[in-house]
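The values are calculated or read from the model by the stated rules, or taken from the named source; none is laboratory data. The structure displayed is predicted, hence computed values, not measured ones. Methodologically, a virtual Cβ is constructed for each residue, glycine included, from the backbone with ideal geometry; neighbour enumeration extends over all protein chains shown. What goes into the accessible areas is simple: the full protein's heavy atoms, side chains included, and nothing from ligands, DNA or RNA. Shrake-Rupley method; radii C 1.70, N 1.55, O 1.52, S 1.80 Å.
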Protein chains: 2
Amino acid sequence: MTAHQLSVTVAINSWKLVVERANKFFSNLSDDQLFKEVAPGRNRLIYLWGHLTAIHDAMFPILGLGERLHPELDATFVSHPDKKDTQLPAASDLKKYWDEVNRKLLSQFESLPVDEWLQRHRAMSEEDYAKDPTRNRLAVLLSRTNHASYHLGQAVLARE
Amino acid sequence: MTAHQLSVTVAINSWKLVVERANKFFSNLSDDQLFKEVAPGRNRLIYLWGHLTAIHDAMFPILGLGERLHPELDATFVSHPDKKDTQLPAASDLKKYWDEVNRKLLSQFESLPVDEWLQRHRAMSEEDYAKDPTRNRLAVLLSRTNHASYHLGQAVLARE
């Protein structure tokens, strides 16, 4: 294994660990628990779960790994804050989307040739990437791992 | 820049970004605000700040980068949960420790020869590292970046 391969493996392991922790937390909640707020007046757990699913789903196009599986989630979970009167997907459907998105992402991460992690991500122009080659796919992976950690930290506060 | 150098730079950038966000958040709080809980009955902001300072300080020995600057923080901020009757350091001292620890860490990260990031961390035996070379310094860096994100996500909930 080259040094670069090893460092990409470390980054993918870190992503896996955080997604597995989030999965263990969210997938074991009852429907009632999913409607608890993380703190008074703050996001409900089901909103955070949908938000993470949508943001992870959006990684496919940003990383140049294909089309999104569930772009329809953005209207509820990204473009708008949590609102009590919003129609939400059933928890069982959300779990299906979450599993589907994370399973496909991980399988693509693990099969991506290691040098392609250093290619620009698709939210960057070729020109900006030429100036700053750290704005690459690997940076997106670390940033989304931090994002998931951030919301997982909030989510666990709703635990009894 | 080699591929491996580039990936280490991406990891250090991710650490910097999260620490800068935490710094911006905690360093601008008044003493009163520091005593707010992130959710009812949960950690106070000052506790989270001290906890992050202590965990970052502990990275020096784990990464083999020298002695800790403030091992005394562990008794208050790591070994015990937040308690209302604990004697806490003054906010101004905590800020000094936080700045000192993170400044020294970053300077060491930026001067560490890139291949040394793949050496084992000191909480691992040589034997276990031989079996799993992903248990290296880079893995510790990503794990502590996630840890800081996790608690920062909680801290921002205390904001009005």
(message) Just to be sure before I move on: is A:V8 at the interface with chain B (Cβ under 7 Å from one of its Cβ atoms), aliphatic (A, V, I, L, M) and under 20 Å from the mean Cα position of the chain (by Cα) in the structure I sent?
(response) yes
(message) Consider region A:38-67. How many of its residues are open to solvent by 50 Å² or more (accessible area, probe 1.4 Å) and more than 14 Å from chain B (Cβ to nearest Cβ)?
(response) 2
(request) Determine whether B:N136 is under 30 Å from A:P40 (Cβ atoms) and either of a type outside the set (S, T, N, Q) or within 11 Å of chain A (Cβ to nearest Cβ) (or both). (result) no
(request) Have a look at B:R144, B:R137, B:R103, B:R120 and point out the one that is open to solvent by less than 40 Å² (accessible area, probe 1.4 Å) and of a type in the set (D, E, K, R). (result) B:R137
(message) Looking at region A:48-85 only, could you name the residues that are under 28 Å from B:E37 (Cβ atoms) and more than 13 Å from the chain's Cα centre (by Cα)?
(response) A:H80, A:P81, A:D82, A:K83, A:K84
(request) Have a look at B:L94, B:L88 and point out the one that is crowded, with 20+ Cβ neighbours inside 10 Å and over 30 Å from A:L45 (Cα atoms). (result) B:L94
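Residue by residue, here is whether (1) closer than 30 Å to B:R44 by Cβ; (2) assigned to a helix (DSSP H, G or I); (3) at pLDDT 95 or above; (4) among the acidic types (D, E) holds:
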{"site": "A:T53", "(1), (2), (3), (4)": "no, yes, yes, no"}
{"site": "A:G66", "(1), (2), (3), (4)": "no, no, yes, no"}
{"site": "A:F109", "(1), (2), (3), (4)": "no, yes, yes, no"}
{"site": "A:Y150", "(1), (2), (3), (4)": "yes, yes, yes, no"}
{"site": "A:Q154", "(1), (2), (3), (4)": "yes, yes, yes, no"}
{"site": "A:E160", "(1), (2), (3), (4)": "yes, no, no, yes"}
